[in-house]
Every structure is written in C-alpha cells, then in structure tokens.
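The values are calculated or read from the model by the stated rules, or taken from the named source; none is laboratory data. It should be emphasised that the depicted structure is a prediction, and the values quoted were computed from it without experimental measurement. Glycine also receives a Cβ, built like all others from the backbone with ideal geometry; neighbour counts cover every protein chain displayed.
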Amino acid sequence: MSWLKSLKGAIAHLNPAEVGEQAARPVRIGVHAATDLSYFHIESFFVPATYSDQRRVKAERFLERVEPGAHGESLHRVFDVEIHTEGAGEPPGSIPFSFSEPERTVRQILAEKPELALPLARALAPFREPVTSHIIHSVAKENAVFSLATALPDAVPFLSLPWVAGEFASDTAVLTANQVRMAFLLAGASDRDIGYREQRAEIASLIAGAFGWRSLARELAGHIPFGGGLIPKAAIAYAGTWVVGRSIERYYRLGYGLTRAERRAAYDSAIEKGKKIAAAVLRARDRSRALSRQPG
C-alpha cells in the first residue's frame with residue numbers, strides 16, 4: 001500500500017492533456033517541388049494509399065506546395081518545416097528531399113525540429129517508427145539512469161527526468177510513473193486517445209508488471225556487494241521499460257502486444273544495452289569525480 005501511495009504521488013506530476021495538446025499541434029510543411037510529379041511522389045511517401053479517407057484529409061493538411069520561385073523570410077514564418085527537391089532551388093533553411101532515401105529526410109527533420117516529433121508521427125506514416133523508437137529508448141534510458149541515481153546521488157547530473165522530486169519513498173514508483181508517461185507519448189505518436197481513462201488497460205498492466213521486476217531489482221541490489229549490483233539493477237530498469245514500450249507500441253500499431261516468447265527475447269537483447277548504458281554513466285561519473293579532485 002505504501003508503494004501504491006508513492007506511485008500515486010509520482011503519477012500526480014504527469015499531465016496527459018499536455019501530451020495531447022503537443023500531439024495535436026498543427027504543423028505546416030512547405031514543399032518546394034520542381035514538378036507536379038515530384039510533389040505527387042512526396043505526398044505519396046508521407047501519406048500512403050493505405051490511409052483511410054478521413055486520415056488522408058487530416059494528413060494532407062500538413063503538406064503544402066510552395067509556388068515555384070517563392071522563398072524568403074516570410075515563408076519561414078508561415079511554415080514549420082520546408083523541404084525541396086532537386087531543381088526547385090535550395091531555399092535557405094529548407095531540407096533536401098531524397099527520392100532514393102526519403103527516410104534520410106525524415107531523420108533530418110526530426111533532428112532539426114524535435115519539438116515537432118509527436119504531431120508529425122501522429123499524422124504522417126514515415127515519422128511514426130523513428131519517433132516511437134526514440135521515445136522508448138529515451139524513457140528506458142531515463143529509468144536506467146534514475147535507478148543509478150537512487151544509489152549514487154552524484155550521478156544525478158546525468159539524469160534528464162524533468163519531473164523527478166525527492167519526496168517519493170519508492171524509486172520503483174518513479175520508474176513506473178515514467179513508464180506511464182511513455183504510454184501517453186506512444187499513444188500521442190500513434191494517433192490514439194491519451195489519458196488515464198482512455199489508457200486504463202495499459203496503465204493497469206504497467207502497475208501490475210512493476211511488482212515483478214521491482215522484486216528482481218531489489219534482490220540483485222541486496223545480495224551483491226555495494227556497487228556490483230548497480231549495473232544489473234539499471235539494466236533491469238532499462239530492459240523492463242524497453243519491453244513494455246515495445247509491447248505498447250505494437251498494440252497501438254497492430255492491436256496486440258508481444259507474445260511471451262517475444263518478450264523474453266526482447267528482454268534478453270535489451271538487458272545487454274541497459275548494461276552498456278549503466279556502465280557508460282558510471283564511467284562518466286568517475287571521470288567527473290577525478291576531474292573535481294585535480295588541483296587548480
């Protein structure tokens with residue numbers, strides 16, 4: 001009961017409505033295309049034929065062809081992103097569209113405009129996989145680093161959780177609440193309804209699943225000499241979060257999550273990545289401590 005009370009306190013810091021507003025943000029992509037055929041190919045890439053009529057209309061609002069020769073500062077105020085094809089000039093600040101490797105254009109847009117990731121993934125198919133993968137890895141990494149920070153306070157500077165507060169009695173409550181935040185973000189990127197009521201099944205599953213890997217992490221930390229259990233504990237936090245995220249993402253994409261065998265295989269793969277992340281954080285911490293001891 002004390003853990004559930006702690007979890008309730010951690011979840012109180014989450015705001016699904018804020019995620020919903022971010023995901024619903026309208027985005028305008030200005031397309032500088034040399035020909036009608038070029039524009040058609042770009043539109044077909046971002047808005048595939050598999051879209052329903054309703055979803056197609058919504059997605060096509062994100063794309064707008066710019067009149068040939070039009071460019072300048074005024075366009076930067078109109079469009080959130082500009083892309084151009086070969087032969088359409090290279091307006092300042094616009095991103096080249098690669099017909100041979102269009103995914104490269106997607107990656108560049110996300111790198112330059114990370115604040116647009118959720119609405120782009122929600123509306124346009126090519127953005128969804130890279131955005132959901134980034135969400136899952138980022139939250140899993142945050143949980144791995146947080147599990148280290150609870151035992152090593154001087155690892156906190158390497159932590160990027162924006163809402164962690166020191167009042168929580170249970171570190172697992174924070175890890176689970178962060179998984180709930182991940183579920184909100186994945187729903188936003190997957191064009192699903194966002195909120196506690198709307199995602200009650202996913203959230204209930206997260207809370208139920210937390211007890212298992214919570215016990216395993218505590219057992220490792222308690223039976224291995226101090227420091228030796230930190231990397232396994234962090235790796236479990238990473239792998240548990242990563243598998244949960246992958247299962248939720250598949251559920252939103254296909255209507256069903258990972259099977260037990262798939263979860264086991266995904267966990268085994270993710271645990272190794274979690275160990276590497278934890279080891280890298282500890283090395284960075286050790287370097288920082290060594291530098292702080294140097295005179296002058």
List pairs: first residue in segment 180-193 and assigned by TED's automatic domain parsing to the domain that holds Arg250, second residue part of a loop (DSSP other than H, G, I, E, B) and of a type in the set (Val, Ile, Thr) anywhere in the structure, Cβ distance under 7 angstrom, at least six positions apart or on different chains. Phe184/Ile194; Ala187/Ile194; Gly188/Ile194
Output the residues belonging to segment 238-255 that are of a type in the set (A, V, I, L, M, F, W, C) and surrounded by fewer than 20 Cβ atoms within 10 Å (Cβ to Cβ). Leu254
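Going by what's in this entry, would Thr132 be described as within 30 Å of Ile277 (Cα to Cα) and either basic (Lys, Arg) or buried (at least 18 other Cβ atoms within 10 Å of the Cβ) (or both)?
Values: within 30 Å of Ile277 (Cα to Cα): yes; either basic (Lys, Arg) or buried (at least 18 other Cβ atoms within 10 Å of the Cβ) (or both): yes.
So Thr132 passes the test.
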Take the residues in segment 256-268 that are loosely packed, with under 14 Cβ neighbours inside 10 Å and either of a type outside the set (A, V, I, L, M, F, W, C) or over 23 Å from the mean Cα position of the chain (by Cα) (or both); name whichever of them is nearest to Ala235 (Cα to Cα). Asp268
Quick one: what pairs do we get from segment 283-296, first residue assigned to a helix (DSSP H, G or I), second at pLDDT 80 or above, C-beta under 9 Å, 6+ apart or different chains? Arg285/Leu148
Considering each residue of segment 178-208, count those that are at pLDDT 90 or above, in contact with a helix residue (DSSP H, G or I) (Cβ under 6 Å, 6 or more places away or on another chain) and assigned to a helix (DSSP H, G or I), and give that number. 11
